[in-house]
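Engineer: Have a look at the structure that comes next, please.
The values are calculated or read from the model by the stated rules, or taken from the named source; none is laboratory data. None of the values given here were measured: they were computed from a predicted structure. A quick note on method: Cβ atoms are made from the backbone with ideal geometry, for glycine too, and the neighbour counts reach across all protein chains shown.
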Amino acid sequence: MKDDTAISSLSLWGQRLLAATLLGGQVVIHLAQGKIHRRNTLEQMAAVGPDSLLVVLITASFVGMVFTIQVAREFINFGAVTAVGGVLAVALTRELGPVLTAVILAGRVGSAFAAEIGTMQVTEQIDALYMLNTDPVDYLVVPRLIACCLMLPVLTVLALIIGIVGGALVATNLYGIPQTVFLSSVQDLLNVWDVVSALLKAFVFGALIAVIGSSWGLTTTGGAKGVGQSTTTAVVTALLTIFVINFFLSWLMFRGTGSAVLGGL
C-alpha cells in the first residue's frame, strides 16, 4: 500500500515537472510575441528584489566570514596568506553567491508564487481570468519570470560584494592579514569570466524558480491542503533543480585543468 502511494506521488511529481517544462516553453513564446504586463512586472520586481535584499545580504556576509575563518587558518599554515582573499572571491563568485542567493529566493519567492497562484487556482480566480479574456501566462507567469531573471543577478552581485567585505573584515581583524594584501589577492585571482558565469547562473536559476513556482501553483488541486502541498513541493523541486542544473553549468563553464588559484600564487 505504501509502495503504491509512493509510486503515485512520484508519478504526479513527474507530471507536474513535465507541465512546468511546457509552461516554460509557453513563456518563451509569449515573450517573443512581446506579451508583457508592465504593471505586474514592476510589482513582482519589487517583491523579488528590494523585499529580498536584506536577508540575501545578511546571509552573504556571514557566509563570507565563515568561509574566511575556515580558509585563512589553513592557508596561513601553508604560507599562502596572499591567496586567502582570492580563494574567497572565486568561491563566492563561481558557486556560493549565485547558488545561495537562488536558494534564498526559492524559499522566499518561489513558495510565494506557488501559494498565491495555487490559491487563485483552487478559488477559481484563474477561470475568471479566462472569462475576462486574460491569459494567465501573460498576466501571472511572464511578470514573475522577468522579475526573477532580472533581480536575481542584481542580488547576486550585491551578495558577492558583501561576502567579500565580510571576509575582509574577518581576515584583517582575526588573522592580521592586511586589507591591501586581501584585496590584491581578490584582484589577482578573480577574472571577468567568473563574474559573467555568476550572472549567467543567476539568470538561469531565476527562470527556474519563477517557472516551477508558477507551474506548481497553476496545477494545484484539493483546496487549502493542496495549496500547502504545492508550496512545499515547489520549493523542494526548485532547490533540487537548482543543484542539478548548477552541476551542469559549472561543468560547461569551468571544465579543464586550468587553475586561477595556482596561477595567482
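Engineer: Go through (1) within 24 Å of PRO143 (Cα to Cα); (2) not in a helix (DSSP H, G or I) and name the single condition ILE177 misses.
Structural biologist: Here ILE177 clears every test but (1).
Engineer: Moving on to the next point. Looking only at helices (runs of 4 or more DSSP H) that fall completely inside the stretch 42-154, which ones have 1 or more residues that are without any contact (Cβ under 8 Å) to a residue 40 or more places away in the chain and among the small types (Gly, Ala, Ser)?
Structural biologist: By residue number, 84-91, 125-131.
Engineer: Now a separate question. Determine which member of the set GLN179, GLN187 is out of contact with any helix residue (DSSP H, G or I) (no Cβ under 7 Å at 6 or more places or on another chain) and surrounded by fewer than 17 Cβ atoms within 10 Å (Cβ to Cβ).
Structural biologist: The conditions single out GLN187.
Engineer: Name the single residue, out of those in the stretch 231-265 being modelled with pLDDT of 90 or more and touching a Gly at 6+ places or on another chain (Cβ under 6 Å), that is nearest to VAL122 (Cα to Cα).
Structural biologist: Selected residue: ALA234.
Engineer: While we're here: Sort through GLY14, GLY64, GLY24 and tell me the only one that's under 22 Å from TRP216 (Cβ atoms), under 18 Å from the mean Cα position of the chain (by Cα) and not hydrophobic (A, V, I, L, M, F, W, C).
Structural biologist: Matching residue, one of GLY14, GLY64, GLY24: GLY24.
Engineer: Where the second residue is crowded, with 24+ Cβ neighbours inside 10 Å and among the aromatic types (Phe, Trp, Tyr) and the first is over 12 Å from VAL109 (Cα atoms) and touching a residue at least 24 places away in the same chain (Cβ under 8 Å) and lies in the stretch 206-227, which pairs have Cβ atoms under 9 Å and are six or more apart or on separate chains?
Structural biologist: TRP216/PHE113; GLY217/PHE113
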